[in-house]
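The values are calculated or read from the model by the stated rules, or taken from the named source; none is laboratory data. Computed from a prediction, not measured in an experiment: that's the story for all the values here. Cβ coordinates were reconstructed from backbone atoms using ideal geometry, including for glycine residues, and neighbour counts include every protein chain displayed. Side chains included, ligands, DNA and RNA excluded: accessible areas come from the protein's heavy atoms. Shrake-Rupley method; radii C 1.70, N 1.55, O 1.52, S 1.80 Å.
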Amino acid sequence: MGLKNPAEQAVILLRSRLCNPNFIFTLFSDSPDSNYSKLKYIISSSVTESCNNSVLLLGPRGCGKLAVLELVLEDLLREFPDMISVIKLNGLLHSDDNCALKEIARQLCLEHQLAFSKMASSDENSQFLIAMLRECGLAHKTVLFVLDEFDLFAQGKQRLLYSLLDAMQSVTSQAVVIGVSCRLDADQLLEKRVRSRFSHRKLLFLPPSREDLQRLLEHALLLPSGSDLPHEFVANFNSKLLNIFADKMFKDIMDTVFNTDSTFKQVLTFLFSALCHLDLKRGFLSVENFKDALSNIQRQPKLECLKDCSILELYILVCMKRLEVREHETCNFNSIMKEYKSIHDSFQTTDYYARDVCRRAFEHLLQRELISFLDNRGHGHSIEFRPVKLLISWQELYQGLKSYGSCPAILYKLVERETTT
Amino acid sequence: MAETPKKRSKQTPKHQQHDLSSSNAITIPATPVALEPTPVRRSSRLYTTPTAATAPPPPPPRFTRRKSLNFTTTTPTPIPKTPKKPAPQSQEDAAKQISPISPDRYETRRKRKLDEEKNAGLAKNKDLKGGKKRVYYRKVVYDGGEFSIGDDVYVKRRENAESDNEDPEVEECVMCFKAGRAVMIECDECLGGFHLKCLKPPLKEVPEGDWICRFCEATKLGKNVELPVPPAGKKRARTAKEKLLSSDLWAAHIESMWKEVDGTYWFRSRWYIIPEETAAGRQPHNLRRELYRTNEFADVEMESIIRHCYVMNPKDFSKAADEGDDVFLCEYEYDVCWHSFKRIAEISNNEEDAEEDESDKDWNSCEITDSDSEDDTDYKKEKINGSQRGPSFGHSLAANLRKGQFFGLQKIGAKKIPEHTRCHKQTEIGKAKAMLLLACLPKSPPCRNKEMEEITAFIKGAVSDGQCLGKCLYIHGVPGTGKTMTVLAVMRTLKIEVDSGNIKPYCFVEINGLKLASPENIYRVIYEALTGHRVSWKKALHLLNERFSNGTNWEEENNKPCILLIDELDLLVTRNQSVLYNILDWPTKPHSKLIVIGIANTMDLPEKLLPRISSRMGIQRLCFGPYNYQQLQEIISSRLKGIDAFEKPAIEFASRKVAAVSGDARRALEICRRAAELADYRLRKSQSLNDSAGTRRSLVGVADVEAAVKEMFQAPHIQVMKSCSKLSKIFLAAMVHELYKTGMGETSFEKLAMTVSCLCTSNGEAFPGFDTLFRVGCKLGECRIILCEVGVRHKLQKLQLNFPSDDVTFALKDSKDLPWLAKYL
């Protein structure tokens, strides 16, 4: 390959860093109050003291629940080689009890190099699970069950959770059930008898604070001095970056990002996007890169939708708006057409299209989800008679029209009049 | 968990006394009747040679005789086990030696075993032809020793080894090479015996705790030590223990004993193995007196038995303080095929089962056992084949299929026993944590005496009546009140009574409704539990109906009363409730002899069912109320008895907290365990930070319990609200504002967006735009802080707070970055 350009190399390094959750979260793993050390303590104590535990990892999406868990598991697998077997299930895939039991049996077989049969009934699989838990317990092996999207396992009779947790309290087993969920009330979803068996350790994952964010920025973006990159390039890159960090504009940009969504994931995506805007010829990050990234990350899909609409479609939207303001509870294609005609009649506009064309525009709007059917009933009816609703508010419409390049003045006026009245 | 053995003091006088008494016993010709009341034929083969008090003369080697068995002429004789390695010459060597692994030994042994199994097969064939049978015994008096099944014995390893001839029962002192009567102390490292007076400086009495002799101490420090040389002409006599530990002897567990057709006595042995001979070698945590049980069996002539030894589980071992020299510890089983270790499962359970088997078996007929052993051999061959062929074995032996008997589970085992599991010095908090585990069940549940009596009376009444008409008990109570545990405890006590003959035997079937794949499967499970056959549930229903309703009994012995325990009974409710009806209808049949105990959470389950079911089930009920705080306190402190880890108010606080919420004992135990964990974590943290912090209290205090309670009961939403992004906070504040303004819990996104933009403009915040706001709302909905409809509805999306608005107010009132929010809350 022969990567001559140090900037290119630096970008590759930084990108791989941003995409590697292990790298990001090692930053927060050393303090004893971090979730990392708490989780590690819980799991390792059940490995060494041969006890059972069940933990819930809760927190909004993008706060590093699974990333921290992966980090802990990696460490523990290194620390206790072949004493831990990890079974991973996902609520989206295995919320059905039979399927989950089969998957557990499959993974257990794989882990211990046993022959697995797809034919086994769920009874057999659950007996196998209990036998395995017992054997593993006797051999001082811990089985970790990682249940991602834990809330989805709490549907129905919760047979899987019950049999897991019941086995953990009755058999000589060594197992840890780790539930990962973004629903804060995940433990309330459990049935009473399941909840009673659950040991209710909860770890809460929160978005990073301002200070953490600052640390994260430096941790992720500053180039290491001891790498194979040219020394002066690294020094230059880092000093420019520190200048950017101190820049008022950069701070404002970060504030905007942070104000809307302060999770790790959002910040990392933002940084990644900024990195992608880096000009390889200049070779250094600049505030402009971050500005571009901000506009990239804060998309306004509905507004952009409006930008792509044709004039006729805008007419239809405005008609619907007018009908809505006049407190017509529902409208359908026919009533919209009537309104369209009345506008045309009263203002003598030049753009008047045939009904067929209007209908195609109407369908297009439906597909873009700027308008929608009021309910799912009446699939049999023709589109013209089904009631529809506008999905964007007048501010959005107004803004959209304003930013629309060749918007007829009459439309603009009409909407403005609606707002004033 | 193994405990350090207590100081073993070797009191020679006592030992000799013991020997005397045993030799007395030998001289008395024991009659079969006196030994055992059961009608079992037994041979008492007594040697007339008078035995010396200390060293009984070794039995003359008679291995040649083995060859006279006509069916073994072609195969090598099994008994002469030639040692693969030279026996270490002296005990000193043995102590230092970490022996190399000798895997070839297993090879030969296995081959021999297979040969022997072939022999067994041959023998059986011959038996069938000749009409002669092997005769099995439970207890054999042989060579002046009495051996029964389950005993552990020393077995000779070599033929004609002269050292086998000497068998000193008393160890000699390392220093003075005399046995003597003085008190000896055992070094925990090399197991050498020392007279107290021979030590420098001499000890007055046996010290508490571990004691290590100065030679071992010196070698530990890396010095070269010269052990005292025995006086010329005197060869050290080694005890059987020493020989065993230097692999000159074998220890074996007697599995069964029989007399061959030609009159020789044989037993089936299960070998023990010393740590040096395992693949992992001796590990640092191995105790000197530790043995592993193997999964290897062999048939050995009784001739090669030397005498008894005592292999104990850790619990007994730690209790056995001075029971002589032949005491060993065995905690793990060693798999010779896979070279892996596994803890031996609860011994009490196994023993119970074994006992049951014994009582059932007719010991005079060998048919059953023979077929048994043949099954065994088949299985073993299969196993060996399986290990060779690997996982390409096909479906028939898949691990998760029952047909394969969970094939391959023996593979699971630790290659090495992890050291931390054997670290014997647990902290008080560690002990407390172990005791508070849900899995460690007490023998009998505290605070449930009344209920236990009631259940006992119910079962006793039903069983002893003999005709048990319509016996059905419904037990209800909230989770964690000890329902299942109490019933199982009652069954345990009743089993003891059955064993002692007070009650007629019955069979007991335990089913958990939530573990059945479907309610109908219960028929299959019941049928399988009663007969051991697996049929489809429809067939099972038919057969069960036949048995219970029509009174046609399958076999004589199956005519026992049957107790059916159904846990989580409410899961059996089907649409037409036929499963429950069938099960509850059987007891009412005149010849059913069926007793049903149903357990469920809801109090009014019978009332919710069809009247024909509730009339059958709802007659006799038992309620397990939630525990009150005194009971919870008693439960916790009964578990923590003798462990100084908790402050008393802490326990009371935990039990009061739980009693106020649910009265769930599991919850109370978990809180205490969590509190102990937190305290442990705190202590470790402070230790790692600075060592001087050890002065802080190491007990679990009220603060720890409070933290645990908080974690368990408090929903984390307030913390999340406090730390969420600025826009989310504004969003939530707008929701509360909207709620106060309209008085309606539900609002739509359009209205909310208006409110947010109002709030933003009037307080100098930039309004981020509808789409961003919408995304924020959906994120909050994902965490269930608010409830919202799907995002497709956009403007029309309905929103509602999932928590009381006061929580939001509390969380956002004094947020630093948005001080103006308080105005709107």
Can you give the net charge of the other residues whose Cβ lies under 11 Å from the Cβ of residue A:57, counting K and R as +1 and D and E as -1?
+3
C-alpha long axis of helix A:97-111 to longest principal axis of chain A, angle in °
50
Between residue A:110 and residue A:188, what is the label-to-label distance in nm when each label sits 7 Å out along the Cα-to-Cβ direction?
3.6
Peptide A:185-198, shielding by other chains (average Cβ, 10 Å cutoff)
5
Using only Cα atoms, locate the centre of region A:71-126 and the centre of region B:770-825, then give the distance between them in Å, rounded to an integer.
38
For residue B:814 and residue B:574, extending 7 Å from Cα along the Cα-Cβ vector and measuring point to point gives, in nm, a value of 6.2
Under a point-charge model restricted to the Cβ atoms of Lys and Arg (+1) and Asp and Glu (-1), what is the dipole moment magnitude of region A:121-232 relative to its Cα centre, in debye to the nearest 20?
720
Pairwise label distance in nanometres, residue A:360 with residue A:412, each label 7 Å out on the Cα-Cβ vector:
2.8
Proximal charge balance of residue A:340 [Cβ under 11 Å; K/R count +1, D/E count -1]:
+1
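In region B:251-314, which trypsin sites (Lys or Arg not before Pro) are in a loop and have at most 16 other Cβ atoms within 10 Å, using DSSP for the loop call?
On the way: sites: B:259, B:268, B:270, B:282, B:288, B:289, B:293, B:307; in loops: B:282, B:288, B:289.
Answer by residue number: B:282.
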How would you order B:779-786, A:379-386 from highest to lowest mean count of nearby Cβ atoms within 10 Å?
B:779-786, A:379-386
FRET E, pair residue B:612, residue B:495, Förster distance 60 Å, beta-carbon r, rounded to 0.05:
0.95
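Given a Förster distance of 60 Å, report the FRET efficiency between residue B:778 and residue B:176 from their Cβ-Cβ distance, rounded to the nearest 0.05.
0.10
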Per-residue Cβ counts within 10 Å, from other chains only, averaged over A:117-125: what number is that?
6
With every protein chain in place, region A:91-248: carbon and sulfur % of accessible area (1.4 Å):
51
20 Å cut-off, amide nitrogen to a point 7 angstrom out along residue A:13 Cα→Cβ, residues in region A:212-234
A:215-234
Taking amide H positions as placed in the peptide plane 1.01 Å from N, state which residues far from residue B:256 in sequence (5 or more) or on other chains have amide H under 5 Å from it.
B:268
Around residue A:295, what is the net charge, scoring Lys/Arg as +1 and Asp/Glu as -1 over all other residues with Cβ under 13 Å from its Cβ?
-1
Gyration tensor verdict on chain A (Cα atoms; rounded if a/c is under 1.5, prolate if a/b is larger than b/c, oblate otherwise)
oblate
Counting only residues 5 or more apart in sequence or on a different chain, those whose built amide H sits under 5 Å from that of residue B:646 are B:700
Chains A and B: what accessible area do they bury, summed, in square angstrom to the nearest 100, with a 1.4 Å probe?
8200
When the chain is fully extended, how far beyond the present Cα-Cα distance does residue A:74 get from residue A:341, taking 0.36 nm per residue of separation?
89.3 nm
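For a Förster distance of 51 Å, can you work out the FRET efficiency between the beta-carbons of residue B:630 and residue A:385, rounded to the nearest 0.05?
With a Förster radius of 51 Å, E is 0.10.
Once the piece of chain linking residue B:502 and residue B:529 is laid out straight, how much longer is it, given 0.36 nm per residue of separation minus the C-alpha distance between them?
Value of the extension gain: 7.3 nm.
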Amide H proximity to residue B:141 below 5 Å, modelled H, separation 5+ or other chain, gives B:43, B:45, B:147
